[in-house]
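The values are calculated or read from the model by the stated rules, or taken from the named source; none is laboratory data. Since the structure is predicted, the reported quantities are computational estimates derived from the model, not experimental observations. We place every Cβ from the backbone using ideal geometry, glycine too, and count neighbours over all the protein chains shown. Each accessible area value is taken on the protein alone, full model and side chains, heavy atoms only, with ligands, DNA and RNA left out. Shrake-Rupley method; radii C 1.70, N 1.55, O 1.52, S 1.80 Å.
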Amino acid sequence: MTLFFHEIRRDAAKLAVWTAVIAALLLVSIVIYPQMTAEMAEMGDLFSGMGGFSAAFNMDKINFGEFPGYFAVECGNVLGLGGAFFAALLGVAALAGEERDRTAEFLLTHPVSRASVVAQKLFAVLAKILILNLVVALVSVFGALAIGETVDAGLFSRIFLGYFLLQTQIACVLFGVSAFLSGGGLGLGLGTAFVLYFFNILANLTDDAAFLRYLTPFSYADGTVIVAAGGIEGKYLVPGLLFAAAGVGAAFFWYRRKDIRA
Amino acid sequence: MKAIETKGLTKYYGRTRGIEELDLSVEEGEIFGFIGPNGAGKSTTIRILLGLIRKTRGEARVLGMDAEKEKEAILREVGYLPAEAAFYAGMRVGEALDFSARLRKKDCREEARRLCERLSLDLTRKVGELSLGNRKKVGIVAALQHKPRLYILDEPTSGLDPLVQREFFSLLRERSEEGATVFLSSHVLSEIGRYCRRAGILRDGKLIRQDFVDKLTGTGAKRVTLHGASAPPALPGIRDVRQNGASLSFLYSGRADALVAALAGLSFDDITLTDPDIEDVFLHYYEKEGS
């Protein structure tokens, strides 16, 4: 577990900043909700009249005037996209970063198997994602209680579980990609997260692109869909978990055989 | 048991040659020099021995263990100093050394402190702020602190000042006297000549000679230095002619009487005849194999 704790310590500042920014933005969104409720009815009408735009962000599926609906949209914007970028950066840098920073030679000439390196780094990535989501969830719940809203524990859990799974999928897929890279990957990571986000918007806009929902985790993790449907849609979650498993499998397979760059 | 043994060890990076058919043999307890210029394949060989890269074919055994199949067991017994030591930037020297020790599941604090004192290395400095030489010192301590059976050192003295170099070799000698094996890769030929018992010469990925350093230098050639001469005698067996101010020197392999007869026709003030140093030997093998 030495490497696991080393990874957590090394990224502690990065984790703290991302967690603080996402939690703060979400908290601000929650705190301003009471002032916005008066305008919500009008906004609801406005969104329903915006056709494709509302559909693209699933705002036509929820009642914007009620806190869960409002929270789902805000959560999607802040934790959905922000969390996806964070997970992408962690995943793509996990293995490739050692070669980029030329520390792979130091690490891998110690008596630690490559499989153990992959496992400890993977668990560290997942632990960081879990910590961010737990803190953000706690801050959100306290924020909601502070403004006098009742928190549906089951619904909130499903929303946060959705985003945790989304980030896990992105991180695992890019973790697999990371095993094949010898440096960098930052652009690839952020680009992948953004493309997956865009896939969901495309799938919401036109039925011709509906198949993209099977490729992007934003389809099952979208808070608005979870609020509207009452839960995570399994038909999109299962392929997502398979993609994540494939990423992890590829990392274990390739990194154990990989020639480490000097 | 051999500390390092390779048979037909070959590595290609795609279609690019790394090393070819390398038969290397390092005895336990000796200081072995691994000589070759940049790109000859020294680091490739070391990286295979440490399991950082996979061989294309052949066999590599370290301390009697297979370099690929028993990698973790090998790495427990090896201290490795890379040519360019890199550490996690945010760490302090003490933290980096402690991390290395914990990866080995060993408490090396006492030995690390002792080594840092001898090498004048401050444990509290951040590794990202260290000069090349001080980073190298951290690498040395990380390679030595767990007292391994085998030291694999890749260009260990680059960046070190002469005093630290001397202390470093004194440490290596102590470890060697305690029974450890030292595999020293270098293109600083004088260090190989001074500290190693045996050496291997690598050229274009192939081991062209492996022997005792004494025997390697005993190539039959002599370095002849003529003071006050402007041209060497016209004689077969003369090579590596160097003009240094008023002195002219060359390597000569051949009969002594023929040399004396040829020198009789030349004008010079003084003459010295010496055994070739390891640089001469290196050039000798390079020219011989290259021609």
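Filtering B:131, B:100 for residues that are at pLDDT 95 or above and not aliphatic (A, V, I, L, M) leaves a single hit, B:100. Does the range B:143-154 hold any residues that are crowded, with 20+ Cβ neighbours inside 10 Å and either outside any loop (DSSP other than H, G, I, E, B) or charged (D, E, K, R) (or both), and which are they? Answer for the range B:143-154, where residues must be crowded, with 20+ Cβ neighbours inside 10 Å and either outside any loop (DSSP other than H, G, I, E, B) or charged (D, E, K, R) (or both): B:143, B:144, B:150, B:151, B:152, B:153, B:154.
When B:109, B:102 are checked against the criterion of being within 12 Å of chain A (Cβ to nearest Cβ), open to solvent by 60 Å² or more (accessible area, probe 1.4 Å) and over 18 Å from residue B:172 (Cα atoms), B:102 stands alone in meeting it.
Take the range A:235-256 and flag every residue that is open to solvent by 40 Å² or more (accessible area, probe 1.4 Å) and either of a type in the set (Ser, Thr, Tyr) or within 24 Å of residue A:211 (Cβ to Cβ) (or both).
Correct list: A:235, A:238, A:241, A:242, A:243, A:245, A:246.
The set of residues from the range B:84-127 being part of a helix (DSSP H, G or I) and within 27 Å of residue A:14 (Cβ to Cβ) comprises B:93, B:94, B:95, B:96, B:97, B:98, B:99, B:100, B:101, B:102, B:103, B:127. Among all residues of the range B:35-54, there is at least one that is over 20 Å from the mean Cα position of the chain (by Cα), of a type in the set (D, E, K, R) and either farther than 21 Å from residue B:144 by Cα or open to solvent by 10 Å² or more (accessible area, probe 1.4 Å) (or both). For residue A:219, the requirement of being part of a helix (DSSP H, G or I), surrounded by 14 or more Cβ atoms within 10 Å (Cβ to Cβ) and free of Cβ contacts under 8 Å to residues at least 40 places away in the same chain is met.
Note on the range B:89-99: among residues that are closer than 19 Å to residue A:117 by Cα and open to solvent by less than 10 Å² (accessible area, probe 1.4 Å), the one that is farthest from the other protein chains (Cβ to nearest Cβ) is B:97. Considered as a group, the residues in the range B:11-24 that are modelled with pLDDT of 95 or more and away from chain A (no Cβ under 14 Å) include one that is nearest to residue B:151 (Cα to Cα), and that residue is B:24.
Each row is one residue, and each column tells you yes or no for (1) under 26 Å from residue B:188 (Cα atoms); (2) touching a residue at least 24 places away in the same chain (Cβ under 8 Å); (3) away from chain A (no Cβ under 14 Å).
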residue: B:26; (1), (2), (3): yes, yes, yes
residue: B:29; (1), (2), (3): yes, yes, yes
residue: B:38; (1), (2), (3): yes, yes, no
residue: B:56; (1), (2), (3): no, yes, no
residue: B:59; (1), (2), (3): no, yes, yes
residue: B:64; (1), (2), (3): no, yes, yes
residue: B:78; (1), (2), (3): yes, yes, no
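Of all the numbered requirements in (1) in contact with a helix residue (DSSP H, G or I) (Cβ under 9 Å, 6 or more places away or on another chain); (2) open to solvent by 20 Å² or more (accessible area, probe 1.4 Å); (3) of a type outside the set (A, V, I, L, M, F, W, C); (4) away from every other protein chain (no Cβ under 14 Å), residue A:154 misses one, and that requirement is (1).
Scanning the range B:8-34 for residues that are charged (D, E, K, R) and not in a strand (DSSP E or B), we see that the one that is most open to solvent (accessible area, probe 1.4 Å) is B:15. For the range B:237-270, the set of residues classified as in a loop (DSSP other than H, G, I, E, B) and either over 22 Å from residue B:217 (Cβ atoms) or open to solvent by less than 60 Å² (accessible area, probe 1.4 Å) (or both) consists of B:237, B:245, B:246, B:253, B:254, B:265, B:266, B:267, B:268, B:269, listed by residue number. Note on the range A:95-117: residues that are part of a helix (DSSP H, G or I) and either within 14 Å of another protein chain (Cβ to nearest Cβ) or of a type in the set (D, E, K, R) (or both) amount to 13. No other residue among A:248, A:238, A:227 is part of a helix (DSSP H, G or I), touching a Lys or Arg at 6+ places or on another chain (Cβ under 9 Å) and β-branched (Val, Ile, Thr) apart from A:227. Highlighted here are the strands (runs of 3 or more DSSP E) found entirely within the range B:176-228 that include at least 2 residues which are open to solvent by less than 30 Å² (accessible area, probe 1.4 Å) and closer than 30 Å to residue B:269 by Cβ: B:222-227. Across the range A:119-144, what is the number of residues that are free of Cβ contacts under 8 Å to residues at least 12 places away in the same chain and under 17 Å from the mean Cα position of the chain (by Cα)? Total meeting the criteria: 2. When B:5, B:68 are screened for being open to solvent by 10 Å² or more (accessible area, probe 1.4 Å) and assigned to a strand (DSSP E or B), only B:5 passes. Is it fair to say residue B:54 is in a loop (DSSP other than H, G, I, E, B), at pLDDT 95 or above, more than 19 Å from residue A:102 (Cβ to Cβ) and out of contact with any strand residue (DSSP E or B) (no Cβ under 6 Å at 6 or more places or on another chain)? Yes; evaluated as a whole, the condition is true for this residue.
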